[in-house]
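A quick write-up on the structure given underneath.
The values are calculated or read from the model by the stated rules, or taken from the named source; none is laboratory data. These numbers come from a predicted model, not from an experiment. Note that we place each Cβ from the backbone using ideal geometry, even for glycine, and neighbour counts take in every protein chain shown. Each accessible area value is taken on the protein alone, full model and side chains, heavy atoms only, with ligands, DNA and RNA left out. Shrake-Rupley method; radii C 1.70, N 1.55, O 1.52, S 1.80 Å.
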Amino acid sequence: MSVDDTTEFTETVGRYLRSSGDSKQYRDTAETVLGQFETWLRRRDLNSFEDLERDGGQIIRRYADRLNQRVEADGIAASTAQMYYNVISGFLGFCVRDGVLSRNPATTDRAREPLPRDDQDRTQQFWTPDVRRQLVEYTNERACEAIKEDGLDATQAVQERAFVHVLAYTGVRGAEVFQVSGDDREGRQGLTWSRVDRESWTFRVWGKSQSWEDVSVLEQARDAIERWYQVQDPPTDEWPVFPTAHAPSKYAVVREAREDVEELLADADVDAVLQEYEIVPPAITTHGARKVLARIAENAGVEVDGEAPKLHGARRGLGDTLFRKDRGLASDILRHSSLSVTKQAYSHIDASERGDAASELLDE
């Protein structure tokens with residue numbers, strides 16, 4: 001997007017916001033969403049209105065798919081993705097009325113198709129206590145065997161144990177600990193050891209609130225994380241807790257950091273070069289993390305409703321267990337904005353317990 005196009009886009013956004021009625025909340029939300037949309041366009045070298053006029057349907061479809069990826073990574077809720085899309089559609093409709101575009105590309109079914117349904121959040125999978133136990137026990141056993149055989153060289157098994165324990169016993173969202181593709185913000189590049197406090201046992205993550213939040217690490221996960229730290233032996237605190245296993249990505253950062261890359265890699269593998277020269281590798285992506293979890297679950301013989309366990313299912317499962325014991329604690333661990341949000345998320349438990357209580361009254 002050129003300087004002139006950026007100015008035109010910004011000016012049009014300004015006119016749209018001024019015409020958006022008296023709701024300050026909507027104007028603030030729209031300003032944020034449209035700013036993110038402009039950045040998304042610019043990163044793809046799009047010329048804004050020119051490309052939207054020519055290829056708008058395809059561009060908006062790609063944006064809808066991007067929103068869906070953010071939902072799958074648990075960066076935003078499905079209802080939020082729908083809201084963001086509707087803000088963009090409302091703005092583009094204004095552009096038609098303002099004479100900047102001849103048609104609104106966001107109104108077609110094809111453009112909207114990749115969006116998640118509004119009801120997805122209420123039908124999400126969750127790990128039952130038995131699923132959590134099976135995955136934890138499987139990775140514990142594998143890590144124990146690997147350490148006996150290989151000691152501090154037992155990298156994969158120890159890492160996968162920490163991976164499962166972090167999911168099972170912290171309530172983190174995938175987007176908070178794994179790299180989110182296409183999102184350049186610091187908190188979306190994967191959890192680093194610099195944001196792991198192994199004394200107070202907390203993680204510092206960029207949360208769904210779009211601010212830094214502290215995650216409580218339950219005692220059940222601490223040994224797995226500590227052992228992984230010892231085995232990984234990161235040369236710098238900026239090292240990702242869960243680095244990518246994607247070899248081309250690792251070679252790419254070495255080439256970017258060193259001019260003598262061919263000489264370095266002639267006598268050593270890429271992981272050794274990264275460690276020796278403190279070249280920080282990328283973190284595993286949310287997509288990669290889903291594949292790792294699916295592989296672990298398959299090897300452990302674990303399914304949830306006929307499917308592989310999902311990253312977000314761990315958070316929902318932990319919340320389900322805690323909510324049945326202590327509503328307030330569940331809300332705190334999940335870092336919900338209020339207890340009412342937690343109650344809404346687990347309203348099925350409240351409804352079930354009310355039904356049991358009413359049944360007992362009728363039987364008296």
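In the range 18-59, what residues are in contact with a helix residue (DSSP H, G or I) (Cβ under 6 Å, 6 or more places away or on another chain) and at positive phi?
The answer is 48, and nothing else.
Would you be able to say whether some residue in the range 314-327 is open to solvent by 40 Å² or more (accessible area, probe 1.4 Å), out of contact with any strand residue (DSSP E or B) (no Cβ under 8 Å at 6 or more places or on another chain), more than 16 Å from residue 170 (Cα to Cα) and touching a residue at least 24 places away in the same chain (Cβ under 8 Å)?
yes
Which residue, of 100, 87, is among the hydrophobic types (A, V, I, L, M, F, W, C), buried (at least 16 other Cβ atoms within 10 Å of the Cβ) and within 30 Å of residue 315 (Cβ to Cβ)?
The unique qualifying residue is 87.
Can you tell me which residue within the range 153-201, out of those that are part of a strand (DSSP E or B) and touching a helix residue (DSSP H, G or I) at 6+ places or on another chain (Cβ under 9 Å), is most open to solvent (accessible area, probe 1.4 Å)?
For the range 153-201, the residue satisfying everything is 179.
Could you say which residue among 347, 359 is among the polar types (S, T, N, Q), at pLDDT below 90, open to solvent by 30 Å² or more (accessible area, probe 1.4 Å) and over 22 Å from residue 71 (Cα atoms)?
359
Where residues in the range 45-75 are within 19 Å of residue 179 (Cα to Cα) and open to solvent by 20 Å² or more (accessible area, probe 1.4 Å), which of them is modelled with the lowest pLDDT?
Result: 72.
Do you know which of the residues in the range 87-110 that are in contact with a Ser or Thr (Cβ under 9 Å, 6 or more places away or on another chain) and of a type in the set (Gly, Ala, Ser) is nearest to residue 28 (Cα to Cα)?
By that ranking, first place goes to 90.
Checking residue 283 against (1) within 16 Å of residue 135 (Cα to Cα); (2) touching a residue at least 40 places away in the same chain (Cβ under 8 Å): exactly one of these is not met. Which one?
Of the numbered conditions (1) within 16 Å of residue 135 (Cα to Cα); (2) touching a residue at least 40 places away in the same chain (Cβ under 8 Å), the odd one out for residue 283 is (1).
In the range 97-112, what residues are without any contact (Cβ under 8 Å) to a residue 12 or more places away in the chain and farther than 21 Å from residue 68 by Cα?
97, 99
Here is a check on your reading of the model: is residue 94 in contact (Cβ under 8 Å) with a residue 40 or more places away in the chain, touching a Lys or Arg at 6+ places or on another chain (Cβ under 8 Å) and open to solvent by less than 60 Å² (accessible area, probe 1.4 Å)?
Values: in contact (Cβ under 8 Å) with a residue 40 or more places away in the chain: yes; touching a Lys or Arg at 6+ places or on another chain (Cβ under 8 Å): yes; open to solvent by less than 60 Å² (accessible area, probe 1.4 Å): yes.
For residue 94, the condition - in contact (Cβ under 8 Å) with a residue 40 or more places away in the chain, touching a Lys or Arg at 6+ places or on another chain (Cβ under 8 Å) and open to solvent by less than 60 Å² (accessible area, probe 1.4 Å) - is met.
Determine, yes or no, whether residue 81 is in contact with a helix residue (DSSP H, G or I) (Cβ under 7 Å, 6 or more places away or on another chain), open to solvent by less than 20 Å² (accessible area, probe 1.4 Å) and closer than 30 Å to residue 290 by Cβ.
Here the answer is yes, as residue 81 does meet what is asked.
For residues in the range 226-263 being polar (S, T, N, Q) and not in a loop (DSSP other than H, G, I, E, B), which is most open to solvent (accessible area, probe 1.4 Å)?
230
What number of residues within the range 42-91 satisfy the criterion of being outside any helix (DSSP H, G or I), touching a residue at least 40 places away in the same chain (Cβ under 8 Å) and within 22 Å of residue 11 (Cα to Cα)?
4
Scan the range 249-264 and report the pairs whose first residue is at positive phi and whose second residue is open to solvent by 70 Å² or more (accessible area, probe 1.4 Å) and not in a helix (DSSP H, G or I), with Cβ atoms within less than 8 Å and a gap of 6+ or a chain change.
Short answer, once both residue conditions are applied: none.
Given the criterion of a type in the set (Asp, Glu), open to solvent by less than 70 Å² (accessible area, probe 1.4 Å) and either in contact with a Gly (Cβ under 8 Å, 6 or more places away or on another chain) or modelled with pLDDT of 85 or more (or both), identify the matching residue among 28, 5.
Working: 5 fails: either in contact with a Gly (Cβ under 8 Å, 6 or more places away or on another chain) or modelled with pLDDT of 85 or more (or both).
None of the other options fit; the residue is 28.
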